[in-house]
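Structure record follows, encoded as structure tokens.
Each value in this text was obtained by applying a stated rule to the coordinates, not by laboratory testing. Here the structure is a predicted model, which is why all the values come from computation and not from measurement. Cβ: placed from backbone, ideal geometry, glycine included. Neighbour counts: every protein chain shown.
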């Protein structure tokens, strides 16, 4: 067991994947000498060389587009998009090419490309550095969309994503990069990539979260427990495919559900969850599924982000409202 | 010199009066170029002629099939046969092609069965061949996207360590004049340049991006763009199959031996509409089309063959018959092409279909089945 930050766990996961398969490449802006702006790829170029850890020109569409070409040649590129808000120049390649190539080729082509995206707010950053664009990608068939919330998952999920025959959009909760946990670097006894996990069992309300919001929800659950409310917190881990069975089993037991994410609530991933849960748990629900998330505004200046991001109090307020129905 | 504040600089003579690399004049006269010696035997020239005639006939048939409602759309290569056959016949088995949706002539050179090209235009699939089998990637419809895939693929060839060996391949990315305005094409130039990737950028400048003439895309000749990115660019007579063959051969060989990318601008003309839904009479003059007719890529090879006694009337007749026969087969094959099964749309979205998609498919299957029960 090693005590690792989430960022270091990703680094170790990438290192393992590169050790295991010489076709794995890492590419992106500043990922080489610098080790990435968050140091997730620290030391990889030194150990694996410039041919496998590629400092690319500053062009996101170019990065994803050439990664597609490399994958067609038999490589497994892991692409770093420096910040969430910079994925949009690459959105065309991701949505029109990466996601659709398998179907276009009637299954002849696979694109095992991982697009790593540091996501979410809470670090006091300037515009375009705090966004949660997951719904754009969960809406695109052909992509797998996952997000880790802790170092243990970071280590395993990045490796599982690299092994995946399909393209994976891999969201990393940037404000949790420095969270620490014990990680077994030798174990491969991992939770399947697309399986949700009950991270805190409870009885009264199911709280669904992923990425950076999981920790906030666990804090909310601890606070609720002091008031006698038992929250069951589920870390979805994978948004597409979605492990709806784990969600349904929980909500059928609790009868109440709150979804928490940093992205704006309107047309956000929580809307999909609410609809699915309503369809599957209709007669067990004691109240409508409620959503807590970002407002219907662009991400605000960072001095306001504490108001924008779902925090413990807003989550508990939603929990209260499920009882007031 | 006056500057028009809206339209920018006045037309430059270079844009309209290109310096072309040419080995065969429109009249069928062989000319030499010091940098591009080309020694073709009679058999090779006759084979090129056959290619040109057949792809034009296939194209014509596809246009007709669209008119008859058998295809939803077709992007005609009419006028661009020499650019495609010349460059296509320069390829080796290890090279990889990244085409647009108009590269039917290149597909022919890569042994993709013409019928397979029709699938996406008929709407029965999005691309029906195995790219690895043919060294010919699927048609890409978003303008310019494939240039990045070609560049990445070329970076993969580099990493395989095969450059300079007999198994070395290069990639060739096809695109048009309009695509040169796309960010992806410019990004592919940057990546190919800084990584010195083994790639040939083959731009068929057919003068028109649907209704927009070249001056809406560029104030300088397109081949000159390459210089700014740091690799050679050249302009070839795109209606001259000999010249297209010679310059592409050389560019590919440079790429395969580690000398990096080349931009080839094949100066040609889209004789037909952009696609079968387009109407060029709304934006261009008949006189322009007539002028380009005189530069026809097939007529000049025929003239060369006749002038040099390399083919007789029997040969030309035989090729015509073969082309006609292929057109007939294409027509019959197209009409017999079955519609895909409704449930097949769920196939191959992912390597493994996930639970919610399976549920959707099952619900849809049950829904479809309910009509069959009603019918009983």
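Below, the figures for the structure above:
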| quantity | calculated |
| --- | --- |
| Inter-site label distance for residue A:282 and residue B:371 at 7 Å from Cα along Cβ, in nm | 2.5 |
| DSSP-defined antiparallel bridges as percent of all bridges, the protein assembly as shown, nearest 5 | 20 |
| Ellipticity estimate at 222 nm from DSSP helix runs (n ≥ 4, -39,500 (n - 2.57)) divided over the protein assembly as shown, nearest 500 | -12500 deg cm²/dmol |
| Length released on extending from residue B:336 to residue B:194, taking residue separation times 0.36 nm less the Cα-Cα span | 46.3 nm |
| Inter-chain Cβ neighbour average for residues B:118-131, partner chain, 10 Å | 3 |
| Antiparallel %, DSSP beta bridges [both residues in segment A:197-324], to 5 | 20 |
| Rg/Rh ratio calculated on Cα atoms of segment A:238-325 (Kirkwood radius) | 1.00 |
| Inter-chain Cβ neighbour average for residues B:342-352, partner chain, 10 Å | 5 |
| FRET E, pair residue A:249, residue B:181, Förster distance 56 Å, beta-carbon r, rounded to 0.05 | 0.60 |
| Whole-angstrom Cα spans of chain B along principal axes, big to small | 75, 53, 52 |
| Which of B:165, B:25, B:268 has the fewest Cβ neighbours within 10 Å, and the rest in rising order | B:165, B:25, B:268 |
| Relative packing of peptides A:238-246, B:239-247, B:270-278 - highest average C-beta neighbours within 10 Å first | B:239-247, A:238-246, B:270-278 |
| Segment A:2-183: antiparallel DSSP beta bridges as a percent of all, rounded to 5 | 15 |
| Percent breakdown of C-alpha pair distances by 10 Å bin, ordered from the shortest bin, for the protein assembly as shown | 3, 14, 21, 21, 17, 12, 7, 3, 1, 0, 0 |
| Residue A:47-residue A:324 pseudo-label distance in nm [points 7 Å out on the Cα-to-Cβ vector] | 5.3 |
| Pairwise FRET efficiency - residue B:344 versus residue A:230, Cβ, R0 = 51 Å, nearest 0.05 | 0.60 |
| Likely footprinting exposure, B:147, B:281, fewest C-beta neighbours within 10 Å first | B:281, B:147 |
| Within segment B:175-217: backbone nitrogen closer than 18 Å to the residue A:88 label point (7 Å, Cα to C-beta) | B:183-184 |
| Cut-off 11 Å, label 7 Å out along Cα→Cβ of residue B:93, residues of segment B:38-64 by amide N | none |
| For segment A:301-325 versus segment A:226-265, the gap between their alpha-carbon centres in whole angstrom | 16 |
| Potential lengthening between residue B:218 and residue B:126 on full extension [0.36 nm per residue; Cα-Cα distance subtracted] | 29.9 nm |
| Largest-first principal axis extents, alpha carbons of segment A:162-276, Å | 41, 33, 26 |
| Rough spin-label spacing in nm, given labels placed 7 Å along Cα→Cβ, for residue B:357 and residue B:27 | 6.1 |
| Segment B:246-376: radius of gyration and largest Cα-Cα distance (Dmax), Å | 26.0, 72 |
| Residue exposure sequence - A:307, B:104, B:33, A:194 - by fewest surrounding Cβ within 10 Å | A:307, B:33, A:194, B:104 |
| Overall Cα dimensions of segment A:118-163, principal axis frame, Å, largest first | 34, 28, 13 |
